[in-house]
Structure formats: C-alpha cells, structure tokens
Amino acid sequence: MNQTFAYTRDDERLELDADAQLSRIDGLVAAHGWELTEHFHDNASEWLEPMFKRSAGARLVEVASQGDAIIAHSAACLSYSATDFGTTVEWFQRKRVSVILVNETLRLAKSATDLAKVVAGELADGEKRRTYLNARIREAQQEEGRYMGGRVPFGWKTGEDGILLRDERQQAAIAQMRTLRENGLSYRAIASKMAEQGIAISHQGVKHALTSDRDLK
C-alpha cells in the first residue's frame, strides 16, 4: 500500500460524528501498522452531492492514485445512496485505489457491484432516509426555487444553476385551463382545447397543472 487517506463527513444523519469516525479509522490504521497520509473532511452542507463534487472529496479524488487506499468509517460516510456508492467505488476500482470501510471491515476486492450489494441496506436505511431526502428537496425548491431533477413542471422552465423560472406562455395556458375547468370542461376536453392552440399537454398533465400546490404567484 502506497498512501493511506482518511475520509470523514460531519452530518447529523450519520451514525458517528467526524471525530468519532476519525478515531475508528485511526484504530484500524494502528491495528494494521499502517501510516495515515492525510485526512480529508467534508461538512454537512454537501450531503446531497456525490463525493466527486464535494470540496474535500474532489481533492481526494485528484490525489489518490494506483496502490493507495481510502478509509471511511462506513458506506454512508462515503456516499449518500447505494447508487452513488456503487459509482464511487467502481471509479476507484478502475483507478486501482482500495476502499476500506471500518464499520463493515470490508475492502474493495472483486467488484464494486458486489460491495455495493453488501452495504445497500445501510445506505438505504429504509423509508426514513428517503423521506428525509425528499423533504430536503421540497424545502430547497420552496425556499430557493432550485429544481432538483425530474420532469420540469408545466408552466416552468429551468434557468441558470437549476433555478425554476416561470414560463409565461405556459402560465397563461394554465390560467386559461383553470377558467375552462371552472366552466365545467373535463380534463380531456381542456387538453383538446390546448392542442388546438398548439400547446401539447395530456389530460393527466392538465389535471396536475391545475391541482399542483406549487406557488404560482
């Protein structure tokens, strides 16, 4: 093993705080007679970012090379989802950098896919983690107007940095659809009226546009 790097993240959703993570890593390093080359640490504000896009994570990716090892306390410290974890360790595998997880006492060996399956339960953590992440997304959309992915809602468009902006033509269409609905037209009939004006939207899309709780002020 050439160089050994510690990687920690400080976040209330993790099992241990950054100091405790590093203490466990130091214990593993001492037990094997290794020497820790450098410690990389990311804070809680970058929770939803892949490791490659976090401040310290990006630096670690640049520094680590063939024969090196990265030690994190757990898969959740390294990544925020099973998919992100699989992508991350597969990238390190291609670079021939070992990934060691103290909590699972596992080392990247045969394939990133196999390792990802082993730790998928911890990363998923059931419905609780997904519910929390969805709440974070909704909060970011409401407070910052930032679009976090998926299909852009009818009446909106994405601007710089993923900010949702009003599409005035579609907003006008929504106002017209609302009037047609108040006059008793079905969603399907409204969709047909929109098609006559060159606006492509399904009857399900009409329903969603008129029942969405997004602030249109």
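Numbers at a glance
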quantity	calculated
Pairs with Cβ under 6 Å, 6+ apart, first in the stretch 141-168 and at pLDDT below 60, second exposed (fewer than 15 other Cβ atoms within 10 Å of the Cβ)	145/163; 146/162; 146/163; 147/158; 147/162
Filtered residue count, the stretch 166-190, keeping only those that are part of a helix (DSSP H, G or I) and over 13 Å from residue 154 (Cα atoms)	10
Residue within the stretch 98-113 that is touching an Asp or Glu at 6+ places or on another chain (Cβ under 6 Å), at pLDDT 85 or above and under 14 Å from residue 7 (Cβ atoms) present	no
Residue list for the stretch 35-63, restricted to those being hydrophobic (A, V, I, L, M, F, W, C), assigned to a loop (DSSP other than H, G, I, E, B) and at pLDDT below 90	47, 48
Those residues of the stretch 16-34 which are without any contact (Cβ under 8 Å) to a residue 24 or more places away in the chain and part of a loop (DSSP other than H, G, I, E, B), in sequence order	17, 32, 33
Selection within the stretch 23-43 - surrounded by fewer than 16 Cβ atoms within 10 Å (Cβ to Cβ) and aliphatic (A, V, I, L, M)	30, 31
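The values are calculated or read from the model by the stated rules, or taken from the named source; none is laboratory data. Worth saying up front: this structure is predicted, and the values here are computed from it rather than measured. Backbone-built Cβ (ideal geometry, glycine too); neighbour counts: all protein chains shown.
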